[in-house]
C-alpha cells in the first residue's frame, strides 16, 4: 500500500481544491518528507496518476503571474473519496512496522467517527499481539534468542517493536476514549494546512523543481 496516495488524497481533501505546490507545502509542513517518500517528484506524479485513474479531478486555471502554462488544481472525486477512506482504514489497522503508512493514517484519523477510529486501533493492537505470539513461539524459546546466535537479535528487535507499537497504540486509544481531539460529526476538527501564500517554516529548498515538474519517479 502506498502512503503517498493517502497523503496526497488527504491533503487535497482538506483544501477542497488544491494545486500541486499547496499539497507539497502542506506535506512539508507536516514533516512528511522526513518520514515518508513525499518528495516533490512523488507528489506531482501521484497527483497526475490519480487524476488519470479518476480519483482526482484536474482543473486548469489561469496561468501564474510569473508566466508559464496554466496551473492545475485538483479536487477529490467520489471514487477518490472512497479510495481515501479505504487507505485510511487500512493504514490504522495494519501491524506492518512501516512508520510512513501509520503516520499518514494518524494524520487523518479525525476524518473518521471516534468509535470507528478506536475500533480500528484495537484491531491493530490485536494484530500486533497475534504476530508477537507467533514469533515468540517459533523463534524465541524459553532460553531466549541466543540459540540462534546473533541472528536471534533480529527476532528480539521485532518483538520489542511489537511491544512498543502495541503500548503506544493503547495509549492513543485511551486518549481518544478520554475525549481528545475532534472527530467526524463532532464539530470543526483541527486542520493543519497552510493558507494560500502563508510562509512554510519547514519548506524544503526548491532544487529546481517546478510546480508540475520534477521527476516522474516516486510512489504513486
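Please treat every number below as a calculation from the coordinates, not as lab data. Keep in mind it's a predicted model, so treat the numbers as computed, not measured. Cβ: placed from backbone, ideal geometry, glycine included. Neighbour counts: every protein chain shown.
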Nitroxide proxy distance, nm - points 7 Å out along Cα→Cβ at residue 34 and residue 75: 3.4
Relative contact order (%) - criterion: Cα under 8 Å, at least six apart; region: the range 1-130: 26
Cα centroid separation - the range 1-48 against the range 102-123, whole Å: 19
Order by protection proxy (mean Cβ within 10 Å, highest first), peptides 47-55, 158-166: 47-55, 158-166
Computed lengthening from residue 130 to residue 90, 0.36 nm per intervening residue step minus Cα-Cα distance: 12.7 nm
Simple spin-label estimate for residue 60 and residue 150 in nanometres, 7 Å along Cα-Cβ: 6.0
Radius, Kirkwood style, for the range 1-104 when every pair of distinct Cα atoms is counted (Å): 13.9
Taking the convex hull of Cα positions in the range 114-182, its mean projected area over all directions (nm²): 4.9
Theoretical FRET efficiency, 1/(1+(r/R0)^6), r = Cβ-Cβ of residue 181 and residue 123, R0 25 Å, to 0.05: 0.85
The range 114-182: relative contact order as a whole-number percent, Cα under 8 Å and 6+ apart: 48
Protection proxy ranking of 16-27, 110-121 - average other beta-carbon atoms within 10 Å, highest first: 16-27, 110-121
